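Below: the structure, in C-alpha cells.
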Amino acid sequence: MINGKKIRLRHAERADLPHFVRWLNTPDTRQYLDAIYPFSQIEEEQWFDNLLKNREAYLNFFVIETLETNEIVGTLGLHEVNQRNRWTELGIMIGDSANQNKGYGSDALRTLLRFAFEELNLNRVQLRVNDDNLRGIHVYKRCGFVHEGTLRQNLWKHGRYHDVHIMAVLRSEWK
Ligand SMILES: CC(C)(COP(=O)(O)OP(=O)(O)OC[C@H]1O[C@@H](n2cnc3c(N)ncnc32)[C@H](O)[C@@H]1OP(=O)(O)O)[C@@H](O)C(=O)NCCC(=O)NCCS
C-alpha cells in the first residue's frame, strides 16, 4: 500500500470493476474524461484482462481508498512510464460526486508524486486536462503542476471543440 494522509493507493482487483463502470457512467465524472460511449461491465472486464497481461501497466494503475473507512473512491493510473526520459503521464478520477471536494484527489496526487519521484526515480509527471475542468486545474496547480501549453481545439465534446491543457511537475520543482 502507498499511504497518503487521507487515502491509500492500492492495486486493482476484479471486484473493483463494478465501481469503475458506475463511475464511468456518472455524468458529473465522465464529462471531464475522454468518454463518448456508455461503459459496460463486459467491456470493463475485457479492459482488466488486457491490463493483467501487461505487468508494468497493471502495477502502475491504482485504486484510491480512504484510510478512515476503506471505501474505494477513485482511480489513479500512469498511462505511460517513459523509462529513457524518466517521465510519466497520469489520469485521475474521484468517481462519485459525493466523494469529490473532500481532499481525496489532492492527497492522491501528492502521494503519487512522492512515489513517482522518490521510488520510481522519475523526473517529470505530466497530465492533460480539458479547458472546462476548472476544479481539476485548481487541484493540479495546488499540487504543484505548472501549465506548460495548450493543445488548441484538441477535443470534440458536446457539440464544440475544447482546448486541452498540458500541465507537469518536475522533480526539481517538487522538492
Ligand atoms: C478533479 C478531481 C480529481 C479533484 O479531486 P477532488 O478530490 O474532487 O478534489 P479536492 O477535494 O482535493 O479539491 C477540490 C478543490 O477544487 C475546488 N473546486 C471545486 N469546484 C471548483 C470549480 N468549479 N472551480 C474551481 N475550483 C473548484 C474546491 O473548492 C477545492 O479547493 P479548495 O480545497 O482550495 O477549496 C475530482 O474531482 C474528479 O475526479 N473529478 C471528475 C473526473 C475528473 O475531472 N478527472 C480529471 C480529468 S483531467
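Values for this structure:
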{"read-out": "Unmet criterion (only one of (1) closer than 30 Å to H158 by Cβ; (2) surrounded by 13 or more Cβ atoms within 10 Å (Cβ to Cβ)) for L67", "value": "(1)"}
{"read-out": "Any hit, region 45-56, residues being under 16 Å from Q100 (Cβ atoms) and in contact with a Lys or Arg (Cβ under 7 Å, 6 or more places away or on another chain)", "value": "no"}
{"read-out": "Output for region 42-56, where each listed residue is under 14 Å from E13 (Cα atoms) and not charged (D, E, K, R)", "value": "Q46, W47, F48, N50, L51, L52"}
{"read-out": "Residue match in region 141-153 (condition: under 16 Å from T88 (Cα atoms) and hydroxyl-bearing (S, T, Y))", "value": "no"}
{"read-out": "Options R55, R22, R86: the member that is more than 26 Å from K157 (Cβ to Cβ) and surrounded by 14 or more Cβ atoms within 10 Å (Cβ to Cβ)", "value": "R86"}
{"read-out": "Selection within region 1-44 - under 19 Å from G105 (Cα atoms), away from the ligand (no atom under 13 Å from the Cβ) and either of a type in the set (D, E, K, R) or at pLDDT below 95 (or both)", "value": "M1, R8, R10, D16, R22"}
{"read-out": "Selection status of Y58, under 13 Å from the mean Cα position of the chain (by Cα), in contact (Cβ under 8 Å) with a residue 40 or more places away in the chain and farther than 30 Å from R160 by Cβ", "value": "no"}
{"read-out": "Members of region 116-127 that are surrounded by fewer than 19 Cβ atoms within 10 Å (Cβ to Cβ), in contact with a strand residue (DSSP E or B) (Cβ under 9 Å, 6 or more places away or on another chain) and not polar (S, T, N, Q)", "value": "E119, L120"}
{"read-out": "Considering residues of region 154-175 that are exposed (fewer than 12 other Cβ atoms within 10 Å of the Cβ) and small (G, A, S) only, the residue nearest to G95 (Cα to Cα)", "value": "G159"}
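Yes/no matrix, rows are residues, columns are (1) within 19 Å of Y140 (Cβ to Cβ); (2) in contact with a Cys (Cβ under 6 Å, 6 or more places away or on another chain); (3) touching a residue at least 12 places away in the same chain (Cβ under 8 Å); (4) of a type in the set (K, R):
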residue: W47; (1), (2), (3), (4): no, no, no, no
residue: E65; (1), (2), (3), (4): no, no, yes, no
residue: L90; (1), (2), (3), (4): yes, no, yes, no
residue: F115; (1), (2), (3), (4): yes, no, yes, no
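The values are calculated or read from the model by the stated rules, or taken from the named source; none is laboratory data. Quick caveat: nothing in here was measured; it's all calculated off a predicted structure. Ideal geometry is used to build each Cβ from the backbone, glycine not excepted, and the neighbour counts take in all protein chains shown.
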